[in-house]
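Shown next, in structure tokens, is the structure this report addresses.
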Amino acid sequence: MSTPRKRLPRSAWTVPAAGARAVPARSGPAPTHAPVKSERPISTPPATTRNRSRPSDLAAPTRHPPSQPQSAPARAKATAARPNPIAKRRVLLVDDHPMTREGLAAIVNRQPDLEVCCEASNPADAMSALPKARPDLLVTDMSMPGRSGIEFLKDVHALLPELPILVLSMHDELLYAERALRAGARAYLMKDAGSAKVLEVIRQVLSGEAYVSPQMHALLLNTVTGHHPRGANSPIEKLSDREFEVFQLLGGGRSTKEIAATLHLSPKTVDVHRGRIKDKLQLKTATALLHHAVRWVESQAAPC
């Protein structure tokens, strides 16, 4: 059984300093060491961590207001402003042979940067389709039903002078390439070229460059510099574009009236052109001119 502790009288308590803890007086002899000074009161931190001081280098996270959903016009505007990674260039094909046209369209449409926007089988349909199709490149043949290839090139160039034109034809470039370039074409390529070459020339023309074969390039330079006069290879090179068209139609079996209707000329003007053709080709009669024209047209169609 524990003995109850004896309670000291109040007089035995020492008076503490302000804010110090009361200490009961010691009984017995006084201590030899210096009296203990009163300690500074220790402040007790708050019990909760809500008001705990935060280091100065740790800033509270910034609260952003919730984003508002975009309206449909704003989303459409943002989508339109976003750049298209693959902008396909549009190609208009003009050829009177469906198999040739479809084969070329299949090759072009397989390319990641090209697409066929429209096809036409003759110059009249092509002229009607141009305003709506808005192509970046026109690829056309030279010999098609209706308007002649040279006149078609001139019409397209007059309507859309900035539209590049690539002539893809079976006809000999020595006779047709220079005429096509003068009429407004940017390039001339024979149809016997492979698909890889066709795609290469298409991209070259779309980049703003012209193209003819190395052989034709050398011939044109020699013609310009006078080292190779026009008509050195064939007398037909001496014919003007209009005379050349009349000569082609004669070789195709057209009469004077039919030629006049096709070229929108009077029959008298056609007769004048026939006379000049005879002189340039050194033919004496109209029958000799007709035979010569037929043989020439057949020779041009032989490769097909």
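Miscellaneous remarks
- Cut-off 13 Å between beta-carbons: net charge of the residues surrounding Leu137, Lys and Arg +1, Asp and Glu -1: +1
- Label-point gap, in nm, between Ser299 and Lys284 - each point 7 angstrom along Cα→Cβ: 2.1
- Under the simplified labelling scheme, the Ala210-Ser255 pair shows an inter-label distance of 4.2 nm, with each label point 7 Å from Cα along Cα→Cβ.
- Solvent-accessible surface of the range 89-218, taken per residue with a 1.4 Å probe and all protein chains present: 44 Å².
The values are calculated or read from the model by the stated rules, or taken from the named source; none is laboratory data. Model, not experiment: these values are computed from the prediction. FYI the Cβ positions are ideal-geometry reconstructions off the backbone, even for glycines, and counts take in every protein chain you see. Note: areas computed on protein heavy atoms with side chains; ligands, DNA, RNA excluded. Shrake-Rupley method; radii C 1.70, N 1.55, O 1.52, S 1.80 Å.
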